[in-house]
Amino acid sequence: MTAQKLLSTVGFYALVVVIVVFSVFPFYYAIVTSFATGTELFKVNYLPKSFDWGNYQSVLGGRNFVRSIVNSVFIATTTVVFALFLAVTASYALARVRFRGRGLLLMAILAVSMFPQIAVLAGLFELIRFLGIFNTPWAMILSYVIFTLPFTVWVLTTFMRDLPVEIEEAAIVDGATPWVIITKVFLPLLWPALVTTGLLAFIGAWNEFLFALTFTSSETTRTVPVAIALLSGASQQEIPWGPIMAASVIVTVPLIILVLIFQRKIVAGLTAGGVKG
Amino acid sequence: MAINDGGLSLSQQRQRAAFWFIAPMLAALFFVAAWPLLRTIWFSLTDTALSDLYGGEWIGFDNYLSLRVLDSGRWIWRGTLVDADWWNAVWNTVRFAFVSVFFETVLGLIVALVLNAEFKGRGLVRAAILIPWAIPTIVSAKMWAWMLNDQFGILNDIALNLGLIDQKIAWTASVDTAMYAVLMVDVWKTTPFMALLILAGLQMVPRDIYEAAKLDGINPVKVFFRITLPLIRPALAVAIIFRMLDALRIFDLVYVLTPNSKATKTMSVISRENMIDFDKFAYGAAQSTLLFAIIAIFVSLYIWLGKVDLSGEGQR
């Protein structure tokens, strides 16, 4: 190996190390902080020094945080189920049936997913007040349709376009109706895509902040992001960094595990959708 | 193909079924997107208050711009378009969007090139860069707020030890540095997404092109600018537009990391503040309508100038 080649190999691996450290360090430091209490919290420790579950106890001991987790799980699950249900049939039609205006319709759906959410905030606020669902989980479930539905339709359409045409032709020859084709022929093939899309939509709903902040008004109806953002200490000046970090770790670890398990599929789904989940 | 079913041909049958498959989705999108958007625009033309949503009266474009001539002959302009706070927010948003997307594109390209190379531990690196992406924005804002803390923050400690700064900086509180803090966190969080999109483009480039270039002894830098970059241009264009749209509407990171800082307040933040917190509902609606218009114009220009094929229909 020549000196130049050695140098470029070392440089390459140095770059790899820098990328990994930059990506992982903030979360690592949040974990370290979440186990520090009292004065230990206010010393800068690069390595874990103390191992104290106190912050976790104080976060989980307060009733409202557990309540927020329950709220978030309910809202995100319901949103995803609803979006997938509407998206499967719609994307079959968009991917498999030729009709006039299809390209335009796809562009319109994409345009909705690019909406600045603030632009619909006033109108949604009125709608939610009108329906009487302000400060309930249904306010979020309704408003999250605006970004989960276009995203799932878009990704499932690209997935379905790539399925071979022969299987569908065979079913048509056998006299299957479009509904039978979707449920009996396509759905079994689509499971992987559904899991990926559903997971990405779930993450999107789990992380949403603007609507959840605006459409809730009491601590018991908050979702996780709102609860963490508004977690306050005994006084206005004192920010409870320990419990905040513990709460952050609690809500992030399941997501990271899911993402790492499904990472290949997620990368495929993200690049097919081109939309941030 | 004449399978007769009430006189309809097969393709007519299919189109009819397609209509019923698409209709519920369109109805849902109309209900949560189109209708609220129209109502927002309507509100922006009234003087509606948050406490009385149906008591507003039509005032035309007064929330945007109005002129009153006093008896003394003085002209007084009012409305968002002459509101210094609004223009400050516009400037903040535009600056944030361009700077963050620029860095995310450059760094994302570097990370994507690394991930596109064959080396041991590639899977590990890909898993590592997915972590910032998977962390909720609010959580990353809090994590970084803690690391950027003026007294106990680890970043000040590192910078002091390395001799980069000689005194602790209040990153998120100071007007001079708040924007850097927001940019830092956004670049950290979103570069992985950019890298993955670019990587997908890179993987479409046939490997033998590189082999051929290598055999001809062409400089790798030249290969990158002459071959790779032109070939991934469509993927790059799509990635940039998605990021740009996301950056222009940024709300949560700014709201949590640098609350009430004039130096970072974006269009989304100021609109919501007026709408909900300051009880200037219609005024906030006017500002969010302007943001919508800006984004719509930006997208049309980009698609028109760049001839970007977003729907992917052209590839088929």
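None of the figures in this text is laboratory data; all of them are computed from the coordinates on show. On a predicted model such as this, the values are computed, not experimentally measured, just so you know. Ideal geometry is used to build each Cβ from the backbone, glycine not excepted, and the neighbour counts take in all protein chains shown.
Figures for the structure shown
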item	result
Candidates per chymotrypsin sites (Phe, Trp or Tyr not before Pro) in segment B:113-218, loop by DSSP, up to 13 other Cβ within 10 Å	B:F119
Relative counts (whole %) of C-alpha pair distances in the protein assembly as shown, using bins that are 10 Å wide	3, 15, 25, 26, 18, 9, 3, 1, 0
From phi via Karplus (6.51, -1.76, 1.60), per-residue ³J(HN,Hα) for segment B:54-60 in Hz, x at Gly/Pro	9, x, x, 10, 5, 10, x
222 nm mean residue ellipticity, helices alone, for the protein assembly as shown (DSSP H n ≥ 4; -39,500 (n - 2.57); rounded to 500)	-21500 deg cm²/dmol
Cβ neighbours within 10 Å from other chains - mean over A:97-110	4
Trypsin sites (Lys or Arg not before Pro) within segment B:97-197, DSSP loop, no more than 10 other Cβ atoms inside 10 Å	B:K120
Sites A:R161 and B:L162 - FRET efficiency at Förster radius 45 Å, r taken between beta-carbons, to 0.05	0.30
Stretchable slack from A:V66 to A:V21, in nm (0.36 nm times residue separation minus alpha-carbon distance)	13.0 nm
P(r) of chain A over all Cα-Cα pairs, binned every 5 Å from zero, in whole percent	1, 5, 10, 12, 13, 12, 12, 10, 8, 6, 4, 3, 1, 1, 0
FRET efficiency for B:K222 and B:F278, using Cβ-Cβ distance with R0 set to 45 Å, rounded to 0.05	0.20
Spherically averaged projected area in nm², based on the convex hull that wraps the Cα atoms of segment B:90-315	16.0 nm²
In sequence order, calculated HN-Hα J values of segment B:178-183 (Karplus, 6.51, -1.76, 1.60; Hz; x Gly/Pro)	4, 5, 4, 4, 4, 4
Aspartates and glutamates with Cα under 16 Å of A:K49, excluding same-chain neighbours fewer than 8 positions away	A:E40
Residue-span extension gain [B:F298 to B:N260] - 0.36 nm each, minus C-alpha spacing	10.9 nm
Residue order, fewest to most beta carbons within 10 Å, for A:T223, B:T80	B:T80, A:T223
Rounded tilt (10° steps) of A:3-34 against the dominant C-alpha axis of chain A	70 degrees
Sequence-separation-based contact order of chain B, relative, with Cα cut under 8 Å and 6+ spacing, percent	24 percent
In degrees, nearest ten, helix A:263-273 long axis to first principal axis of chain A (Cα)	60 degrees
Estimated distance in nm for a label pair at B:L81 and B:I209, the labels positioned 7 Å out from Cα along Cα-to-Cβ	4.7 nm
FRET efficiency estimate (nearest 0.05) - Cβ-Cβ, A:T2 to A:A111, R0 51 angstrom	0.40
Residues of type aspartates and glutamates that B:K262 reaches as a straight line, Cα spacing below 13 Å, ignoring anything fewer than 8 places off in the same chain	B:D85, B:D176, B:E273
Debye intensity ratio I(q)/I(0), log10, segment B:48-195, q values 0.16 Å⁻¹ (C-alpha model)	-1.02
Computed Kirkwood radius, in angstrom, where 1/r is averaged over Cα pairs of segment A:1-93	18.3 Å
Cα principal axis extents for segment B:1-97, largest first, Å	82, 37, 27
Segment A:164-177 - phi-based ³J(HN,Hα) in whole Hz, Karplus 6.51/-1.76/1.60, Gly and Pro as x	x, 6, 4, 4, 6, 4, 4, 5, 5, 4, 6, x, 6, 7
Normalised contact order of chain A, rounded percent, pairs of Cα under 8 Å and 6 or more residues apart	30 percent
Cβ-based exposure ranking for B:F30, A:F82, in which fewest neighbours within 10 Å come first	B:F30, A:F82
Ascending count of other beta-carbon atoms within 10 Å, so fewest first, for B:F225, B:F31	B:F225, B:F31
Under-5 Å amide H pairs with B:T46, H placed in peptide plane, nonlocal only	B:I59
